[in-house]
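Single-structure report; data block below.
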Amino acid sequence: MLFRSHEATSLRRQYGEENEKYIIPDIHVTALCADKLDFNKAILASDFARMIPPIYGTTKRDFPYVLKKRDGGSGEGTVVVRNEEAEKRYADHLSQNAFFCQAYVPGPVEYATHMLLVDGEVLYHSTNRYVMSDEFLVKGSAYQPAREILGTDIEERVIGELIELLLSIGFSGTCCLDYKITEGGIQLMEVNPRVGFSLFRDINRYLEAYIGALEARESRGRRTA
């Protein structure tokens, strides 16, 4: 049930849609979210473009900016490039198709919203707030937040916008959305189509929702058999 993206894809390819005992996104949705560049481009071309920081081309970039690996998690391959000196250190990465550059969203505060969305209905959501010791550090395995506030109250408006975005790409399953909030609204950093690590702090409530969704699906299957 608690899959990595590539494991979820393998599971769907092996068992397909029939008699499934799990709730995970469709393969094409998993693939879209897993490739951060493709995901950003898709959302920038949609009605939710306001939620995505601009992507820079290969020649003109304004400091500071974020250099991101297209795949990976836990902050792997993501750094904030603050000046020309730092840019020279990452010259090799800048020349690779596996990386891309994106406008930096200022501020040391990040949010992670865990969500279980099934057939258009939100069955579970919780949000954590993270405060980094330096706003130019990227939260992940290399740098941990100075403060972590679990179960943060978040405006329903924010949750509503995140739900609308997920529905627009046909998402159904568990995900973790990482973002900042500015005066302009949500600035989305990524959508991980899997269980996020910090969800384990609230695992019982999540599992109740997940098991309930499976039981409801099984009940519908019996009625239509």
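The values are calculated or read from the model by the stated rules, or taken from the named source; none is laboratory data. Predicted model only: the values in this text are computed from it and were never measured. Every residue, glycine among them, receives a Cβ derived from its backbone with ideal geometry; neighbour counts consider all protein chains shown. Remember, those area values only see protein heavy atoms, side chains included, never the ligands or the DNA or RNA. Shrake-Rupley method; radii C 1.70, N 1.55, O 1.52, S 1.80 Å.
One table, with the values for the structure above:
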item	result
Using distinct alpha-carbon pairs, which all enter the 1/r mean, Kirkwood radius of the chain in Å	18.5 Å
Loop-resident sites, segment 91-157, for GluC sites (Glu not before Pro), counting at most 11 other Cβ within 10 Å (DSSP)	GLU155
Whether segment 90-154 is rounded, prolate or oblate, judged on the alpha carbon gyration tensor where a/c under 1.5 counts as rounded	oblate
Estimated distance in nm for a label pair at ALA42 and SER168, the labels positioned 7 Å out from Cα along Cα-to-Cβ	1.2 nm
Per residue accessible area in Å² of the chain, where ligands, DNA and RNA are left out and the probe is 1.4 Å	53 Å²
Centroid-to-centroid separation of segment 97-121 and segment 162-225 [C-alpha atoms, Å]	13 Å
